[in-house]
Amino acid sequence: MSEAPVRVAVIVGSVREGRFGPVVADWLAGVAGDHGGFEVDVVDLAEPELPLALPAFGSVPSAAVVAEIAKVTPRLLAADAFVVVTPEYNHSYPASLKNAIDWHRTEWTAKPVAFVSYGGMSGGLRAVEHLRAVFAELHAVTIRDTVSFHGAHARFGPDGQPTDEAASVAAKVMLDQLGWWARSLTEARTARPYPGA
């Protein structure tokens, strides 16, 4: 009997005009699809119906904003695992990503989160280190191995694929770990309620 696919939400964290995130996310979604065992949902925060329009976390949302949040919440809740695709802005991650994370809580609980980062010299790794602390607070499990692109624009060809085969090797390692954690945590949540929720 074959295992059910792991439902993974690939979250595109940048919403800036001219952003590079969709190129990286589309590549990663393709790798996950080819990997086998994953059902991929790309959640692009720049889509008009998603959290780009959300007010700052902690403010009282209007009925319209609650309706906007409700469009993305089921997609996060349905996911068994997440891959966050993030650039590095000022040594950290985008405000749009933090806002989307903060407007949700139980959707992340006891689920694994992997990271694909991109940027200049650091390849977005400082953004990832900040995100690890945020997701730990939300009782999520972050995957140790990441994929990072230093000088990302020069690392992809016109076909949207990385020019270095090492990227696909790194992505496979990360996805192997993500799949293991996703299935293990799904089984654990099914067997007993998570006590930190």
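Filter the chain for me: DSSP H helices, axial length by Cα at least 15 angstrom, mean Kyte-Doolittle hydropathy not below 1.0. List them by residue number. Present the calculation step by step, with values, prior to reporting the outcome.
On the way: long enough: 21-35 (21 Å, 0.53); 63-78 (23 Å, 1.22); 125-137 (19 Å, 0.38); 166-191 (38 Å, 0.22).
Answer set is 63-78.
Find how many whole Å separate the alpha carbon centroid of segment 2-16 from the alpha carbon centroid of segment 143-185. The distance from the Cα centre of segment 143-185 to that of segment 2-16 comes to 13 Å. Around the amide H of residue 43, modelled in the peptide plane, lie the amide H atoms of 10, 11, 12, all under 5 Å away and 5 or more residues distant in sequence or on another chain. Note on the chain: Cα convex hull, mean projected area over all directions, 11.6 nm².
As a rough guide to protection, the peptides 160-169, 132-141 ranked by mean Cβ packing within 10 Å, highest first, stand as 132-141, 160-169. For segment 6-191, the dipole from Cβ point charges (+1 on Lys and Arg, -1 on Asp and Glu) about the Cα centre works out to 420 debye, to the nearest 20. Projecting the Cα atoms of 87, 35, 190 onto the charge dipole of the chain, computed from C-beta unit charges around the Cα centre, puts 190 farthest toward the positive end. Amide H contacts of residue 123: 151, each under 5 Å away and 5 or more positions distant or on a separate chain (H built 1.01 Å from N in the peptide plane; Pro and chain starts excluded). Here residue 71 is the anchor, and the lysines within straight C-alpha reach of less than 19 Å, apart from those fewer than 8 places off in the same chain, are 98.
Laboratory data are not the source of any read-out in this text; all were calculated from the coordinates shown. Here the structure is a predicted model, which is why all the values come from computation and not from measurement. Note: ideal-geometry Cβ built from the backbone for every residue, glycine included; neighbour counts use all protein chains shown.
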